[in-house]
Amino acid sequence: VYRLKVYKLPLAEPTARGRALVNVFPLTEGETITNIMPLPSENDENQNIVFATAHGNIRRNSLADFHYIPSNGKIAIKLDEGDKLVSVKVCNEIDHVLLSTTLGKSIRFVVSDVRQFKSRNSDGVRGIKLVKSDSVISMTILNGIGVTTETKELYLKVPLAKRLEAATNNAIDSKLEKTLNDLGIDSELFLKLAVNEEFILTITENGFGKRTSAYEYRVTNRGGVGITNILATSRNGSVVASFPVEQGYNIMLITDKGKLIRISV
């Protein structure tokens, strides 16, 4: 792992080729950058750093373990032969982890299900059980909203437009109030869920994608096979990215040929 102040990176145009990272970090032969992560300006002893590997392993350390990083880097995780690091995130114990795979599987579990390691010489514990041809493609940190699966299922019966309107206005109108009464959902709890609702965008190699409420991913124990997030069919292809998006934002999709498209979430 390496550390660098952002202002030391050169600012470039979208069409620029960029600067070779070997001119920025002392990378060894065959070493590549797999993850770039912004860090808080101040170290928080209560924050954790979580590592996820392609083979489905996950490890949690205190962020304080990486307070000092020498200029020549610091070994962060030991990997088995053929494995690689796919994602690194900062989180708290109450947050949730969402792992997504190339064959369209996903699993969600509480960060505290992964014990905190002191050593940097292991690849951690199993986060998701993979079939032979599958691998983890991404890791997302989600809000750890403490509600039951039944409550989330009732919440998701409310149309998306109504949920987004309530979250934007931080208020519930009379029509929505009646709907909530019919469903048996407390209005304050509904508003809490609406304000904290997150969405996951999953993109496949053939250019297809879907946006899903994070509440659709039920919380389970780590190490399971997960649920189907998207079908990795011949039409869709394998999953290439899965990440959180926000309403009103734009995203850019870039192909391996350098084509770029910008669309509204």
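The values are calculated or read from the model by the stated rules, or taken from the named source; none is laboratory data. It should be emphasised that the depicted structure is a prediction, and the values quoted were computed from it without experimental measurement. Ideal geometry is used to build each Cβ from the backbone, glycine not excepted, and the neighbour counts take in all protein chains shown.
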Sole residue being hydroxyl-bearing (Ser, Thr, Tyr), closer than 11 Å to residue 50 by Cβ and assigned by TED's automatic domain parsing to the domain that holds residue 241, chosen from 87, 119, 112: 87
Boolean, residue 106 is out of contact with any Asp or Glu (no Cβ under 6 Å at 6 or more places or on another chain), assigned by TED's automatic domain parsing to the domain that holds residue 233 and within 21 Å of residue 245 (Cβ to Cβ): yes
Test: residue 150 is part of a helix (DSSP H, G or I) and surrounded by fewer than 18 Cβ atoms within 10 Å (Cβ to Cβ): yes
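To keep it simple, each residue is scored yes or no on (1) in the same structural domain as residue 138 (by TED's automatic domain parsing); (2) closer than 27 Å to residue 101 by Cβ; (3) not in a loop (DSSP other than H, G, I, E, B).
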{"residue": "22", "(1), (2), (3)": "yes, no, yes"}
{"residue": "29", "(1), (2), (3)": "yes, no, no"}
{"residue": "34", "(1), (2), (3)": "yes, yes, no"}
{"residue": "38", "(1), (2), (3)": "yes, yes, no"}
Region 147-173 residues that are on the phi > 0 side of the Ramachandran plot, paired with ones that are exposed (fewer than 15 other Cβ atoms within 10 Å of the Cβ) (beta carbon under 8 Å, 6 or more apart): 170/195
Test: residue in region 47-65 that is part of a loop (DSSP other than H, G, I, E, B), surrounded by 15 or more Cβ atoms within 10 Å (Cβ to Cβ) and over 19 Å from the mean Cα position of the chain (by Cα): no
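Can you name every residue in region 232-265 that is surrounded by 13 or more Cβ atoms within 10 Å (Cβ to Cβ) and assigned to a loop (DSSP other than H, G, I, E, B)?
232, 236, 237, 238, 247
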Residues that are touching a residue at least 40 places away in the same chain (Cβ under 8 Å) and part of a helix (DSSP H, G or I), drawn from region 101-115: 111, 113
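Just to be sure before I move on: is residue 120 over 30 Å from residue 76 (Cα atoms) and either buried (at least 18 other Cβ atoms within 10 Å of the Cβ) or of a type in the set (Lys, Arg) (or both) in the structure I sent?
So residue 120 does not fit the description; no.
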Among residues of region 66-78, those that are aromatic (Phe, Trp, Tyr) and surrounded by fewer than 17 Cβ atoms within 10 Å (Cβ to Cβ), counted: 1
One residue from 93, 31, 13, 81 being charged (D, E, K, R), without any contact (Cβ under 8 Å) to a residue 12 or more places away in the chain and surrounded by 12 or more Cβ atoms within 10 Å (Cβ to Cβ): 31
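Return yes or no: is residue 112 under 25 Å from residue 208 (Cα atoms), at pLDDT 90 or above and surrounded by fewer than 17 Cβ atoms within 10 Å (Cβ to Cβ)?
no
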Residues of region 66-100 classified as in a loop (DSSP other than H, G, I, E, B), farther than 15 Å from residue 33 by Cα and of a type in the set (Gly, Ala, Ser), total: 2
Exclusive hit being under 27 Å from residue 238 (Cβ atoms), in contact with a His (Cβ under 8 Å, 6 or more places away or on another chain) and not polar (S, T, N, Q), set 131, 110, 136: 136
